[in-house]
Each structure stands twice: as C-alpha cells, then as structure tokens.
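The values are calculated or read from the model by the stated rules, or taken from the named source; none is laboratory data. None of the values given here were measured: they were computed from a predicted structure. Positions of Cβ are backbone-derived with ideal geometry, glycine not excepted, and every protein chain shown enters the neighbour counts. Surface accessibility is based on the protein's heavy atoms, side chains included, excluding ligands, DNA and RNA. Shrake-Rupley method; radii C 1.70, N 1.55, O 1.52, S 1.80 Å.
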Amino acid sequence: MSTAPQILVVAGEASGDAHASELVAALKARRPDLSFFGMGGSRLAAQGVELLYGAHEVNVMGITEVLPKIPRILQVMGGLAKAAAERRPVCAILVDIPDFNLRLAARLKKLGIPVAYYVSPMIWAWRRGRVKTIAKLVDRMLCILPFEEDFYREAGVSARYVGSPVVEQVPSPASATAFRQKLGLPVETPTLALLPGSRMSEIRRILPSMVGAAKQLVSERPGLQVVVPVAPTIPREEILSRFQGSGVQPVLVEGRAPEVVGASDAAIVASGTAALEAGLMQRPMVVVYRVSLVTYLVGRMMLKVAHVALVNLLAGRRVVPELLQGDMTPERIASEIRRLWVPGTPREEMLQGLEEVRTRLGEHGAAARAAESVMELLPPAQKV
C-alpha cells in the first residue's frame with residue numbers, strides 16, 4: 001500500500017465524475033505527493049484514481065428505482081467505509097449524490113476523517129432540515145451555485161462558492177454550423193437535439209415522449225435531423241429501440257451533449273445538470289422530466305422552490321418551459337418547440353435569459369478554487 005497521503009473520492013453519475021476528476025487534477029498539480037482512491041467513473045479512472053467501485057453501482061433516481069438496489073448500495077457504502085478505516089485518508093471528497101454521500105459522511109466523521117463536499121445538495125429546494133445534519137458532518141461545503149454559500153453559512157456550515165465547473169466543461173457558444181462541422185453533421189440541415197438523460201430509468205420514462213414529439217416535428221419539417229448524445233452509461237440499443245416504428249432515424253453521438261445542443265436549432269432536454277449545460281449553449285430549449293408517481297408525490301410535498309430547471313432557478317424566473325409528469329406529452333413538447341423554432345419574441349426572450357444565466361455563473365476556475373479550499377483541510381506536505 002502506498003505511503004503517500006491518500007484522499008478518498010466518491011462520485012456517482014457522469015457529471016459528478018467529471019467535476020471530481022477536474023478537482024483531483026487540480027489537487028495533484030498542487031500536491032504531487034497525494035494519491036486517491038474511492039468510487040467513480042471513467043474520468044476519475046483516467047486521473048489515476050484507484051476505483052474500488054464504479055459509479056454505476058449507485059446511479060439510480062427515485063424511490064421505486066432505488067428500492068431494489070438498496071442491498072447493493074449499502075454493500076458499496078460499507079466497503080468504502082471499511083477502506084477508509086483501513087487506509088485512513090487525510091481527507092474525503094464527496095461529490096453530489098447526497099442520499100448516499102451524507103450517510104457515508106456520518107461514518108467518516110466517526111473515523112475522524114475531514115469531509116469536503118463538492119456540488120452541494122440542493123436542500124434549499126427541499127428537505128431543508130438536512131442542513132443541521134450537514135453542519136455536523138461536513139467540514140467544507142464547496143458550492144457551485146452563487147446563492148448557496150449564504151444559505152449554508154447562515155446555518156453554520158463552513159461553505160465556499162467556488163463557481164460552476166459546468167461553465168468550463170461546455171464549449172464556448174458558437175454558430176450551429178460550427179458545431180455541426182465538429183460533429184460531422186450536414187451543416188445546412190435543420191437539427192433537433194434530444195437529451196433524454198444518463199440513467200436507464202430516464203430513458204424508459206422520458207425518451208418515448210421525446211420520440212413522439214420528434215415524429216410530429218419531422219412530419220412538418222421534412223429533412224429535419226434528430227441528434228441524440230448517448231451517455232456512456234446507456235447502451236446504444238436502448239436508444240435505438242425506442243425509435244423503432246416512429247419513422248424517425250436518429251443520429252447517435254457518443255457523449256458530447258453540449259456540442260449536440262450547440263449543433264441544434266432547438267433542444268428537448270431532461271432536467272438536471274444536462275439542462276444547465278444545454279442552457280449555456282444558448283439554444284432554444286424545452287426542459288422535461290418524469291419520475292414514478294410515488295417519487296413525484298413525495299417530491300411535490302417537499303419541494304420548496306418555484307422551478308425545477310436549474311436555468312430557471314438561477315434566473316429567478318421561467319426562462320425555459322418545464323413540462324413535468326403528465327404535462328410531458330409529445331403534443332405539448334412539440335408545441336413548445338414550434339413556438340421557439342422561428343425568430344420572434346418568445347425565442348429572443350429565452351436567449352436573453354440564457355445569456356443572463358451564463359453571466360451569473362461567473363468565470364472559469366471552479367476546480368482550482370475548490371482545490372485551494374480542500375488544501376486547507378490537509379496536513380502540510382512532508383519535507384523530503
């Protein structure tokens with residue numbers, strides 16, 4: 001086992017893996033003596049992190065989706081806690097996935113391991129009572145939304161706003177033609193982007209309605225190309241099977257979701273980090289989402305905010321349409337896209353609002369600022 005100071009890193013879905021990998025790179029640049037182990041995906045693996053578990057182990061959403069996986073999730077959590085007890089890392093960096101990571105944080109605190117939390121849980125939106133728990137468990141909360149720092153500090157949490165890593169993970173806005181050239185798409189062809197999410201539950205619940213909307217729009221606009229970025233967690237066949245019988249032939253692109261949005265004239269996007277990334281690409285878009293009825297009813301009782309889409313939360317108003325649950329029908333989606341496709345007031349107002357959101361998120365350098373904050377939790381490097 002390495003004698004180098006070790007840091008435990010735990011990330012779940014694709015966005016968390018990306019954010020965590022950039023933070024690890026920034027820490028390694030400052031402290032080459034550090035080594036890392038934990039849970040994550042391909043991005044963390046590429047940074048040389050020793051992965052004891054893959055992010056896919058806990059990549060589920062919603063009450064009904066989680067229940068069958070609880071035994072394995074608890075097994076993974078126990079394995080990470082055991083590894084932490086044996087290896088005694090100098091710090092733990094927990095990224096997003098709050099239902100998992102806050103429980104793990106409780107175990108780490110009992111071991112006396114300092115905890116930095118990156119991508120703070122959105123408890124300001126729901127389950128605000130959790131902030132008392134967070135104050136006990138988290139030594140440094142690294143916030144990526146500008147209004148979060150004050151919320152946490154008022155509750156006694158040591159919090160820092162480091163900026164949004166999403167800003168630098170998406171390309172700078174450019175013309176649709178430029179992005180189509182990058183992706184090898186026909187440059188003059190009108191383009192619709194569909195972003196159904198990175199979880200199988202999202203593909204099952206959301207993609208069929210997107211396909212239905214695309215079918216209507218293709219019938220009205222012959223030659224319209226429909227482009228779908230495929231997350232690494234989703235087999236291509238799962239995407240293609242949901243287009244069968246629709247008459248729509250999608251173009252599948254491996255990852256590169258922001259570029260696919262950039263190549264589009266309009267986009268239909270599942271709510272989440274992808275919707276914020278899409279918003280930063282400055283294209284007309286409709287945000288959609290559907291979870292199981294049980295998850296929805298529980299969430300509706302606990303939700304404390306007026307909007308679901310991050311771009312709307314950041315803007316403080318409804319910049320992009322949100323079609324959730326029963327409102328997420330092919331007809332409603334297609335209707336919103338028609339309204340935004342052509343130049344006019346709705347389109348211009350949306351693009352202006354998306355520009356405001358990009359400005360509000362600030363400058364590049366989130367990972368570097370997060371690394372500086374984590375460094376404050378580490379013991380000094382030993383002199384050789």
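Details
- The string of couplings for the stretch 106-116 from the Karplus curve (6.51, -1.76, 1.60, θ = phi - 60°) is 4, 5, 5, 5, 4, 8, x, 8, x, 10, 9 Hz, one whole number per residue in order, with x for Gly and Pro.
- Dividing the alpha-carbon radius of gyration of the chain by the rule-of-thumb value 2.2 N^0.38 Å gives 1.00.
- Most mobile listed residue (LEU27, LEU207, LEU252) in the chain, GNM with C-alpha springs under 10 Å: LEU252
- Taking amide hydrogens as placed 1.01 Å from N in the peptide plane, the amide H of TYR161 sits under 5 Å from those of CYS143, each at least 5 positions away in sequence or on another chain.
- Distant-in-sequence amide H partners of GLY365 (H built 1.01 Å from N, under 5 Å): none
- Ranking by accessible area, most exposed first, for ARG43, ARG318 with a 1.4 Å probe: ARG318, ARG43
- Overall, the accessible surface of the stretch 26-111 at a probe of 1.4 angstrom is composed of carbon and sulfur to the extent of 58 percent.
- Spin-label model distance (nm) - ARG153 vs ARG103, 7 Å beyond Cα toward Cβ: 3.3 nm
- Between LYS215, LYS82, LYS110, the Gaussian network model of the chain with springs among Cα atoms under 10 angstrom shows the greatest mean-square fluctuation at LYS110.
- With θ taken as phi - 60° and the Karplus curve 6.51 cos²θ - 1.76 cosθ + 1.60 applied, the whole-hertz 3J(HN,Hα) list for the stretch 349-363 is 5, 5, 4, 5, x, 5, 5, 4, 5, 4, 5, 5, 6, x, 8 Hz, x standing for glycine and proline.
- For the chain, a Gaussian network of Cα nodes joined below 10 Å ranks GLU149, GLU202, GLU237 by mean-square fluctuation, and the top entry is GLU237.
- Exposure rank, largest accessible area first [HIS56, HIS19; 1.4 Å]: HIS56, HIS19
- In order along the stretch 324-331, the Karplus-derived 3J(HN,Hα) couplings, from 6.51 cos²θ - 1.76 cosθ + 1.60 at θ = phi - 60°, round to 10, 6, x, 6, 7, 9, x, 5 Hz, and Gly and Pro are given as x.
- GLU188/GLU363 FRET efficiency (R0 51 Å; Cβ-Cβ; nearest 0.05): 0.90
- Cα-based shape type of the stretch 210-283, given that a ≥ b ≥ c are square roots of the gyration tensor eigenvalues and the cut on a/c is 1.5: oblate
- Theoretical gain in end-to-end length, SER246 to GLU355 [0.36 nm per residue, Cα-Cα removed]: 35.7 nm
- Among beta bridges that DSSP assigns inside the chain, antiparallel share in %, nearest 5: 0 percent
- Per residue of the chain, the DSSP helices (runs of n ≥ 4 H) give a summed -39500 (n - 2.57) that works out to -13500 deg cm²/dmol at 222 nm.
- If the segment from THR3 to GLN382 were pulled out straight at 0.36 nm per residue, it would be longer than the present Cα-Cα gap by 135.3 nm.
- Under-5 Å amide H pairs with ARG290, H placed in peptide plane, nonlocal only: GLN325
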